[in-house]
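Since the structure comes first, as structure tokens, the remarks are kept for the end.
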Amino acid sequence: MAYKYVYLFTEGDGSMRELLGGKGANLAEMTRLGMPVPQGFTISTEACTRYYNDNKVIGDDIQAQIDAALAETEKTNGKQFGSASNPLLVSVRSGARASMPGMMDTILNLGLNDEVAAGMIAGNPDPEFERFVYDSYRRFIQMFSDVVMELSKKRFEEIIDELKDKRGVKDDIELTAADMKELVALFKAFYQKEKGVEFPADPKVQLMEAVKAVFRSWDNPRANVYRRMNEIPYSWGTAVNVQPMVYGNLNNNSGTGVAFTRDPATGARALFGEYLINAQGEDVVAGVRTPNKIAQLAQDMPEVYDQFVGIANNLESHYRDMQDMEFTIENKKLYMLQTRNGKRTAAAALKIAVDLVDEGVITEEQAVLRVEPQQLDALLHPQFDTKALKAATPIGEALPASPGAACGRVVFTAADAKDWATKGEKVILVRLETSPDDIEGMEAAEGILTVRGGMTSHAAVVARGMGTCCVSGCGEITMHAAEKYFSLGGSDYKEGDYISLDGSTGKIYGAAIPTVEATISGDFGRFMGWADARRRLKVRTNADNPRDTKQAVKFGAEGIGLCRTEHMFFEGDRIKSMRKMIVAKDLEARKAALAELLPYQQGDFTAMYEALEGRPMTVRFLDPPLHEFLPQKTEEIAEIAAELGITAEELKEKVESLHEFNPMMGHRGCRLAVSYPEIAEMQTTAVINAALAVNAAHPDYDIVPEIMIPLVGEVKELKYVKDIVVKTADAIIAASGKELHYKVGTMIEIPRAAVLADEIATEAEFFSFGTNDLTQMTFGFSRDDAGAFLDAYYTAKIFENDPFARLDQNGVGKLVKMAVVGGRATRPDIKLGICGEHGGDPSSVKFCDAIGLDYVSCSPFRVPIARLAAAQAAIRTREA
């Protein structure tokens, strides 16, 4: 029997997501539940994978299965594909196993040609029906030309606008049947002019070209960007769903809409959604018309509304999660076109998870798995200052599509948003409406403002998923995108002007409004308590000052996993003392400069230990090359030389002497302490004195300092520096007459150290994996320069993710595992952690849990993300 690539909706169910994609599996599941689903078929994700393996060709066996499924669909629906008298028209939609709203392509009304259109009209003399047929036909030509043949979508819109101007009308709905027929002719003429051939009339050719186009859309630029952002593997592929058309644009007893079983912005338990009368699905999602609230359907079509409410409740009960549903009403008959677990804001995700536990629908453990760790980011960032907000006057108000506060300079294109953000500017992307092509600009923007569209438009759905503030559907705006300004509230706002958006209220402000720190409580505290009770990994933070330490503790950090001491030397008078130490000509001068630095360093450590309230802190000794502390420009050299009491020539010579061809692999880390032991002596003194002082003030803290020697690749160099630390520390402790335990460990960031971890563990009492440098040295490229060529690697499918953002588990991960095994073989009680930025990446946290690390450490605002990721990793390990 031939391998099966195509499944009727009656042949699948909800468990087949990997094979049928999310949309196909859910259509099959709704069919199984007896819901009103137009019956079609799904071409599997395996067919997509094979399409790419076969050099973008659909095999004859897959073609034969599509033909057979189409014949069965004709029989089930009592219509014939390509028939003029009784035509079956279909939609062709993508459906990956992970939800990717708007990232891939859809084609509606497929199967239309001149003969089919004429045959449909011949059976129904109503002029409105004729308009409907030609409206559907022109939509199909436009979609097919855009998606399949990659013609300019904008040019089709211009052709429509030109005809409206010619007819003296404003809205598409005012165009007559004759106008729609003329648009079909104009569209076909444009197609022929651009492609050199006539628009394809054979429905089977249309279908196969559309299927191939959906497969190709898996590899389009916006889908690739979305996959990288959401860690969706390229190898998954997409399924294709072929489904008979039902028409929301048939007449005024028809409509289409999108609804959620709970509010996706707040999580409130109430049906939430929008619909349009006499419209097709893309009109709602694209935001071309501003829709009605779902509650209005109770007045417009009460029986349909009651049926829909019943189905929505059944779907939420069945899936035990908030559902996002697409539906169409054709002549007062309801059809369900899709259901899926709905995208939601971070606040909504927490509320829904907690409410479902309280309602007895799911367990606390299941609730912990319901919130994406990355979503918590949206809860942890500043909101508008209350006083400043009260004093501000809105210039407009629209739909609060995605909550949060955003302030930035106005830009009008996704490309400009990306460019300005790259230069460090905070921007607000202002658009007539967004499209999937805007994905990179939307990601770069602080907030998004659209003129058109509702709460379920593309801008709203994607912004909520990203945790980006969005205000949509502000019809009061007059856009002048080409001239780069818009008008609102009697004023013009040009590119570069500041505006502010409140995504929770929908208010728009014509100035920059200051923000304040986010506050977290209520559902957040309760939910995170559930997560903490289930995780094994500890979560620390990377912090270099008391402010960040306090913030991290507030977010649940259980200590500091990385204190970068060099960051303490750049402020005020400290940098001058540091420079004195670097330019010192002898040991005595160098020690004098270090003596100036000692009180600063000790004071910082004391304040951080106080903020930690007895939690542990790993202090990394001086790591960067010394040239980073010296000026590089000629005018700066002269000025700083005068401050240091030396000539400009002497300072210039010192700068040049410290120049290295590859400073990241040069005189830095433990190598500095080998060359200048007095640096390690000063830093040890600062750490030990601070710990003694805070322990004396707080006897219940019992601080155990953790001193970390960076960039070790050889056990002898670790021992050399460790001996300096131990000699200095023991002398101070003895002189104090107090008892103090401390640990000396190292950072594993050189591949050689990972390979020789068993030897290094003879001296190191703990390992902290510095995965930033370990990644850099394992791959052999600089993290500062890799961005210049990584895009080419993504395009060529060599890399799917930035290895500096998501841990390379095959290569770097193998070295980490090797070091874990080697370290524990020598020292079974060795403490193991990770302190690179990977410590806050959920997939990397999962890996750390799997290989048995004791803790992860990340930046303060990523601490809750790591806590949740660690809990989910532990739960999934138990489930496996």
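Quick rundown of the values:
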| quantity | calculated |
| --- | --- |
| Residues of region 185-205 classified as open to solvent by 20 Å² or more (accessible area, probe 1.4 Å), assigned to a helix (DSSP H, G or I) and closer than 27 Å to residue 21 by Cβ, total | 2 |
| Leading residue by the ranking (farthest from the chain's Cα centre (by Cα)) among those in region 309-335 that are within 17 Å of residue 244 (Cα to Cα) and surrounded by 16 or more Cβ atoms within 10 Å (Cβ to Cβ) | 330 |
| Residue under evaluation residue 138, criteria (1) surrounded by fewer than 23 Cβ atoms within 10 Å (Cβ to Cβ); (2) closer than 17 Å to residue 189 by Cβ; (3) touching a residue at least 40 places away in the same chain (Cβ under 8 Å), criterion not met | (1) |
| Test: residue in region 21-28 that is among the charged types (D, E, K, R) and under 27 Å from residue 319 (Cα atoms) | yes |
| Residue 500 vs. criteria modelled with pLDDT of 90 or more, crowded, with 18+ Cβ neighbours inside 10 Å and either more than 24 Å from residue 257 (Cα to Cα) or among the polar types (S, T, N, Q) (or both) | yes |
| Residues satisfying the stated conditions in region 259-272, i.e. part of a strand (DSSP E or B) and either within 9 Å of residue 351 (Cβ to Cβ) or open to solvent by less than 10 Å² (accessible area, probe 1.4 Å) (or both) | 259, 260 |
| Breaking point among (1) over 15 Å from residue 213 (Cα atoms); (2) open to solvent by less than 10 Å² (accessible area, probe 1.4 Å), for residue 81 | (2) |
| Selected residue [closer than 22 Å to residue 715 by Cα, touching a helix residue (DSSP H, G or I) at 6+ places or on another chain (Cβ under 9 Å) and buried (at least 16 other Cβ atoms within 10 Å of the Cβ)] from 767, 799, 847 | 767 |
| Test: residue in region 99-114 that is of a type in the set (Gly, Ala, Ser), farther than 22 Å from residue 279 by Cβ and open to solvent by less than 20 Å² (accessible area, probe 1.4 Å) | no |
| Meets criteria (assigned to a loop (DSSP other than H, G, I, E, B), open to solvent by less than 10 Å² (accessible area, probe 1.4 Å), under 30 Å from residue 363 (Cα atoms) and in contact with a helix residue (DSSP H, G or I) (Cβ under 9 Å, 6 or more places away or on another chain)) for residue 531 | no |
| Residue list for region 116-128, filter: touching a residue at least 40 places away in the same chain (Cβ under 8 Å) and open to solvent by 30 Å² or more (accessible area, probe 1.4 Å) | 127, 128 |
| Any hit, region 613-632, residues being modelled with pLDDT under 85, open to solvent by 30 Å² or more (accessible area, probe 1.4 Å), part of a helix (DSSP H, G or I) and of a type outside the set (A, V, I, L, M, F, W, C) | yes |
| Any hit, region 245-254, residues being aromatic (Phe, Trp, Tyr), open to solvent by less than 10 Å² (accessible area, probe 1.4 Å) and in contact (Cβ under 8 Å) with a residue 12 or more places away in the chain | no |
| Residue match in region 1-24 (condition: open to solvent by 60 Å² or more (accessible area, probe 1.4 Å) and out of contact with any helix residue (DSSP H, G or I) (no Cβ under 8 Å at 6 or more places or on another chain)) | yes |
| Hits in region 786-799 (condition: outside any loop (DSSP other than H, G, I, E, B), modelled with pLDDT under 85 and hydrophobic (A, V, I, L, M, F, W, C)) | 788, 789, 790 |
| Count - residues of region 58-94 that are closer than 18 Å to residue 200 by Cβ and either without any contact (Cβ under 8 Å) to a residue 60 or more places away in the chain or of a type in the set (D, E, K, R) (or both) | 4 |
| The listed residue being at pLDDT 85 or above and of a type in the set (D, E, K, R), out of 783, 862, 824, 806 | 824 |
| Helices (runs of 4 or more DSSP H) completely within region 37-126 that count 3 or more residues being within 20 Å of residue 6 (Cα to Cα) and aliphatic (A, V, I, L, M) | 60-77 |
| Strands (runs of 3 or more DSSP E) wholly inside region 368-449 containing at least 1 residues that are open to solvent by less than 30 Å² (accessible area, probe 1.4 Å) and closer than 29 Å to residue 860 by Cβ | 399-402, 405-411, 427-431 |
| Residue check for residue 208: over 30 Å from residue 332 (Cβ atoms), among the aliphatic types (A, V, I, L, M) and open to solvent by 40 Å² or more (accessible area, probe 1.4 Å) | no |
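The values are calculated or read from the model by the stated rules, or taken from the named source; none is laboratory data. Note that the coordinates shown come from a computational prediction; the quantities given were computed from them, not determined experimentally. So basically every Cβ, Gly included, is an ideal-geometry build from the backbone, and we count neighbours across all protein chains shown. SASA here: full protein model, heavy atoms, side chains in, ligands and nucleic acids out. Shrake-Rupley method; radii C 1.70, N 1.55, O 1.52, S 1.80 Å.
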